[in-house]
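The structure under discussion appears below in the form of structure tokens.
Only the coordinates and a few stated rules stand behind these numbers; no lab work does. Nothing here was measured: the structure is a model prediction, and the numbers come from that model. Cβ atoms come from the backbone with ideal geometry, glycine included; neighbour counts cover every protein chain shown.
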Amino acid sequence: MFPEYRDLITELKTSDTHFVHLFDKHNALDQRIKNMEARIEVATHEEIETLKKEKLAIKDELYSVLRKASAEKT
């Protein structure tokens with residue numbers, strides 16, 4: 001996710017608790033969705049789609065944080 005911001009992600013994971021919370025929540029949702037799609041965890045198609053939308057919203061927020069932090073560095 002966002003390979004162009006790899007170094008900045010590493011930096012923010014050690015200095016920005018909000019970013020860490022979002023990052024961890026995104027990864028947890030990603031794993032849960034994978035488990036549901038693999039039928040390891042039971043879910044309806046609608047539940048999976050809802051989680052995918054939530055994950056995408058978090059990804060958008062992560063991207064906003066990254067863009068803002070990147071702009072502040074320049």
Percent relative contact order for region 3-73, counting Cα pairs under 8 Å at least six residues apart, stands at 38
Given points 7 Å out from each Cα along the Cα-Cβ axis, report the residue 61 to residue 28 separation in nanometres with one decimal.
1.2
Add -39500 (n - 2.57) for each DSSP H run of 4 or more in the chain, then divide by its residues: what number comes out at 222 nm, to the nearest 500 deg cm²/dmol?
-28000 deg cm²/dmol
Residue 40-residue 17 FRET efficiency (beta carbon distance; Förster radius 25 Å; 0.05 resolution):
0.25
For the chain, what does the convex hull of the Cα positions come to per residue, in cubic angstrom?
85
